[in-house]
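The values are calculated or read from the model by the stated rules, or taken from the named source; none is laboratory data. Quick caveat, the model's predicted, so the values are computed rather than measured. Neighbour counts are summed over all protein chains in view; Cβ atoms, including those assigned to glycine, are modelled from backbone coordinates with ideal geometry. Note: accessible area is taken over every heavy atom of the protein model, side chains too, but ligands, DNA and RNA are not part of it. Shrake-Rupley method; radii C 1.70, N 1.55, O 1.52, S 1.80 Å.
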Amino acid sequence: MSVFYALLAVGLLALAFGLILGYAAIRFRVESDPVVEQIDAILPQTQCGQCGYPGCRPYAEAIANGDDINKCPPGGESTIRKLADLMGVEAKPLDAAHGTEDIRKVAYIREDECIGCTKCIQACPVDAIVGTSKQMHTVLIDECTGCDLCVEPCPVDCIDMVPLQVTTSSWRWQLDAIPVRTIE
Amino acid sequence: MQSLIEKIRQGKFSDFPGGVHPPQRKTLSNQTPIAKLPLPQRLYVTIKQHIGVEGHLEVRPGDMVLKGQPLTKSMNPFAVPVHAPTSGEVTTIAPHVSAHPSGLAEMTIEIRPDGKDEWIALAPLQDYQNQPKLKVIERICHAGISGMGGAGFPTHIKVSPKKNVEFLVVNGVECEPYISSDDRLMREHAWQIRQGIDVITHLLNPKHVLIAIEDNKPEALHAMQVACQENPDYVVCSIPTKYPAGGEKQLIQVLTGREVPNGGLPIDVGIMMQNVGTCFAIADAIFTGKPLIQRVVTLSGECFDKPGNVWALLGTPVSHLLQQGQYQPKRQRSRQLIMGGPMMGFNLVSDQVPVVKITNCILAPTEREMVQADEEQPCIRCSACADACPASLLPQQIFWHAKAKELDKAGEYNLFDCIECGACAYVCPSQIPLVHYYRVAKAEIRLQEEEKHQADKARERFEARKLRLEQEKAEREEKHRQAAEARRKALEQQESTTGNKVSAAVARAKARQQTQAAKEETPASDKVAAAVARAKARKARQEQESTSRDKVEPGEESKQDKVASAIARAKAKKAKQENASTAPDQAESPTGEQQTKASAGLNQTRESGAEPSEKQPAGDMAPSKDTKAARVAAAVARAKARKAAADQDKDQKLSPAPESASPTVALEVDEEKKQRVAAAIARAKAKKRVGVSSTDKQQDKSKS
Amino acid sequence: MSLRIASSPHQHSKRNTGSLMRLVCYCTLPGFAAQLWFFGWGTLFQFIIAVAVALGTEAAILELRKKDFEKALSDCSALLTALLLALCLPPLTPWWITALGAFFAIGIAKQLYGGLGHNLFNPAMVAYVILLVSFPVAMTSWLPPQQLMQQGYGLLDSLSLIFTGYSNEGYSLNQLRSGADGFTMATPLDSVKTDIDLGLTVEEAMAKPQFHEGTGVGWFWINLAYLAGGLVLLKAKVINWHIPLSMLLAVSVTAGFLHLMSPDLYASPWFHLFSGGTMLGAFFIATDPVSASTTNLGRLIFGASIGFWVVIIRTYGGYPDAVAFAVVLMNMSVPLIDYYTRPRTYGHKARR
């Protein structure tokens, strides 16, 4: 008889906990994006192709399928760290074969040299270059991701990658510049 | 239950949590009247001295300006103009070190005073009560007034009533140690401040007007009480001295016990705050018509032999003030100048920094009088910072997370509610520069958010582009299909019908086919043309030194120079790529093949009426030393012409994005274009033959 | 012209970690003196041993961690830890136990956790608990107050006892502890606990000579002296009132409740407040900034919980005093308490 009670008790307990777990699973369900979306959200979207894939999303898919997370130079260390967090893998240094991390740059077209060949317009992954054939082109600085892809096709080399200018509104306090610094 | 205003009238105030009591040191500078200064040698008027956007320049170097003449102008509601602080000559307009912690250069108008100090014609608006409010607001805007308490928010926006204002708070608290500019201003110009309050009251129609002054300024209190005694609606409040009681949020809490909701504005709780200096400036603008061109600046600290308050013209370099206050640099072991107070001011990077609208104090302390934080030690979690924080934050936790770069967690502890008052760092026994950590963390978070925003935008654009390319491809395929259909039909017809009909159908089908082919080949032929042009141009370059250049460039010298420079660049590029390139012979054959294709479009080109002269420079450029070169040249000219004909079609494909230029522009063929084409050809030649043709092939491949 | 650039604020209050720690040390002096008065010179030697070992350990480990130990030692945190440990130890504890404790406090409980500011537990209390669990007899061998002793013992006797285990006359510690009637005279807490276990009532237990007006002879004054020192700390705003007040209130309420239930079985709040390390704990140990709660509400919870556990463990636990256990126990809960007692930030709605 006591065996029966024991079994009953254990059974009831199992049932109760099962119900609690089931309830928790419904109540606290985390609506999660598919992993590709999450990876894509972390990638910097420069669409530069330095990773060897034709854009950020293809790379995101590749990572989801097990590719290395250290092939994105524009994202740099911080992106690798976030990807490592998301994928639950060890963060590793940037793979130099795909380029090195650099300060943020934007493309600049020397407009009086532009011949209006539209090659850069075709190369730009985010349509950040406007202009039409035989008319000078120009870069929309706000939209440019600094991917570098327009530099190569230019037949007259009139595109430069220039670092963004620091202004008083984009200036940031630096941690290593404190607490005290003496300037000459 | 007492109403709020009754409580305030009785001097029953709430308190804000935390706060500190650093040594006041106000008597150092508030004993003497506000002094007038001689004109400095140069004035540096920074174009943007407020939060918002800068105006457009109204003057040019060499212009003579009168005192009070606007130097910038804008229709943008967030722009306020700056004015010439005295009469004189605009010498330069160039970047100059700015009154900003970074010390970065900002656009600045440099004025050399002529010593006459001659005013522009002033138009007071003394009967403002009978004027439309909009006109008064406009006058305030045109006087260049922005908040003089610290943030520099354009005042005309604040005094444009949108919601009902219950309390207008005039902030004369001046809680920072050392600073006494508002104190002196209230003592000496209480009447005018009151006039300014009258104007704001007229505009905003608040239920009550509170003038808040810390109880360590009894003279200013008295002066304001006297000035406001006729108007029983104005309540002069003596609030307990505690730093940072002058902070907007803290003062609201002290006076009314209300809190500005997170992410909201004081107006959300029915309160509008104005600094006494702003009130003074408004009175100036309305009653005398004078724009904001000067302000009271406190010179304090034991390094000044003559500390005190001065009327400084906006744009006065700090060095001039130092000279007037008889600054003794020897008293500082390492020299430092602070703009603002000891708690929230920033160090100047140069003594050429100009006074701007928010400059209330220049501080030059000795090491002895201002105990500075020692080297940073580990946090012992004593939470003295939390006890001092007026926003009830947990600075030690935020610090912990900020240091570990766990920015999301720092944000969770409401990092962005920090007002950077410095109370936490002031009391920290471990001498941690807490405020600095918060600033860095905030900047970092803002940067990340911006990057995220950028990335989202880029993704959107990238995807839109991908979609567009796919659509175009689908359209192309559809056309192919239709063409094939037509061919098939024609064939069937040929089989089923006889004689004329057949031949007619064949002709029709062929014609259609031809147009179709021309359209489809456009990108390819374009490429061909470019490649051919390059090949030819390369040849031409070899010739160029010996043959006549003026044929290439019938235009001016500059064009030639450009061409030459382009060639040089292109050569360099070619040299770089040399290694990667394959044998030149390989390049020739595709060129030849493509040439035939290109010539297919010849008839059409002629018909389309493209300027035949366009090909001339190209042709001349490559004297037929070599038959191949000649062929190439001819082909290029033909291809070019045809490309021009096909331009409209192509442009639609290439730049359908909304911001792209209108596609119709492209068809114009004029003289300038001719020249440009010539120059382009010369440059393009440099793209190496093989490299280019192989690239083209790749691109063709990738397109198909 | 070269100018100095620093981040605001440019001014700083004159207080630093070292001065805070020193102030706390000074404020223990009344209690320290009272302890010397009632229990002889032993505590002084314990202090010296503990300080020497603690500073040595700190310096050695910082050297190993390649940090500037001179700067770290000057913050006096190790000194304070050693002092608190010495004050908790029975005055005539063998030297090696003290040394071991000081080593534990600094080496294990503090530096292995990352040094000053990173330790989860109060180092002195962790060391005390470890010693108490490892050497229960030595750690509870308090001599009766000198005023009640048959043979007095002087400076040299103490020294000799600490280092050799025997006094100059050759008495062992146990012999010295024996009262006139041959029974050992335990601390008041120990004695009451044992007597209640033996079936005596509280009143009967308190009839012994080491009790006077409801508290232990000497212990009352020692606690009073710590209270005075603690009040100075409060006045100097080195500590907040939250932890001491809530802890003492909780001690009184818990003990009072038990006492009301059964005055025979449970000692009075008065006895609990002025026995053992209550006051030392309330003002000097529970208020250790590093390991205590940092929010005001959290401090109230933290202090009250310590007070509660002190009485519960004293009454039902296996050891006579319980301040160390209670403090270490609550140290563990600090992150949780802190997280859930975050104050409402200006302009934010109260969290649900």
Any hit, the stretch B:64-73, residues being more than 15 Å from B:Glu89 (Cα to Cα) and in contact (Cβ under 8 Å) with a residue 12 or more places away in the chain: yes
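One line per residue, one yes/no per condition, for (1) outside any loop (DSSP other than H, G, I, E, B); (2) in contact (Cβ under 8 Å) with a residue 24 or more places away in the chain; (3) open to solvent by 10 Å² or more (accessible area, probe 1.4 Å); (4) within 12 Å of chain C (Cβ to nearest Cβ):
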{"position": "B:Lys330", "(1), (2), (3), (4)": "yes, no, yes, no"}
{"position": "B:Ile358", "(1), (2), (3), (4)": "no, yes, yes, no"}
{"position": "B:Val371", "(1), (2), (3), (4)": "no, no, yes, yes"}
{"position": "B:Cys379", "(1), (2), (3), (4)": "no, yes, yes, yes"}
Number of the exception - C:Phe103 against (1) part of a helix (DSSP H, G or I); (2) aromatic (Phe, Trp, Tyr); (3) within 19 Å of C:Gly281 (Cβ to Cβ): (3)
Odd one out for B:Gly315, checked against (1) surrounded by fewer than 23 Cβ atoms within 10 Å (Cβ to Cβ); (2) in a loop (DSSP other than H, G, I, E, B): (1)
Failed criterion for B:Gly325 (all others in (1) free of Cβ contacts under 8 Å to residues at least 60 places away in the same chain; (2) within 13 Å of another protein chain (Cβ to nearest Cβ); (3) in contact with a strand residue (DSSP E or B) (Cβ under 6 Å, 6 or more places away or on another chain) hold): (2)
Wholly within the stretch B:388-504, helices (runs of 4 or more DSSP H) carrying at least 2 residues that are closer than 18 Å to B:Gly18 by Cβ and touching a strand residue (DSSP E or B) at 6+ places or on another chain (Cβ under 6 Å): B:423-427
Of all residues in the stretch B:382-405 being modelled with pLDDT under 90 and open to solvent by 40 Å² or more (accessible area, probe 1.4 Å), the one that is farthest from the other protein chains (Cβ to nearest Cβ): B:Ala404
Residue in the stretch C:280-298 that is in contact with a His (Cβ under 6 Å, 6 or more places away or on another chain) and more than 14 Å from chain B (Cβ to nearest Cβ) present: no
Any chance B:Ser3 is within 30 Å of B:Ala391 (Cβ to Cβ), of a type in the set (Ser, Thr, Tyr) and open to solvent by 20 Å² or more (accessible area, probe 1.4 Å): yes
Condition check for A:Ile63: surrounded by 16 or more Cβ atoms within 10 Å (Cβ to Cβ), more than 14 Å from every other protein chain (Cβ to nearest Cβ), aliphatic (A, V, I, L, M) and part of a loop (DSSP other than H, G, I, E, B): no
Positions within the stretch C:14-46 being within 11 Å of chain B (Cβ to nearest Cβ) and either farther than 21 Å from C:Asp288 by Cβ or acidic (Asp, Glu) (or both), in sequence order: C:Lys14
Residues being part of a loop (DSSP other than H, G, I, E, B), of a type outside the set (A, V, I, L, M) and in contact (Cβ under 8 Å) with a residue 60 or more places away in the chain - total across the stretch B:39-55: 6
Residues that are free of Cβ contacts under 8 Å to residues at least 40 places away in the same chain and either surrounded by 24 or more Cβ atoms within 10 Å (Cβ to Cβ) or in contact with a Gly (Cβ under 8 Å, 6 or more places away or on another chain) (or both), drawn from the stretch B:264-305: B:Gly264, B:Asp305
Identity of the residue in the stretch A:91-111, at pLDDT 85 or above and outside any loop (DSSP other than H, G, I, E, B), that ends up surrounded by the most Cβ atoms within 10 Å (Cβ to Cβ): A:Ala107
Some residue of the stretch A:114-124 being assigned to a helix (DSSP H, G or I), of a type in the set (S, T, N, Q), within 14 Å of another protein chain (Cβ to nearest Cβ) and surrounded by fewer than 22 Cβ atoms within 10 Å (Cβ to Cβ): yes
Check on C:Ser2, surrounded by fewer than 21 Cβ atoms within 10 Å (Cβ to Cβ), within 14 Å of chain B (Cβ to nearest Cβ) and within 30 Å of B:Gln352 (Cα to Cα): yes
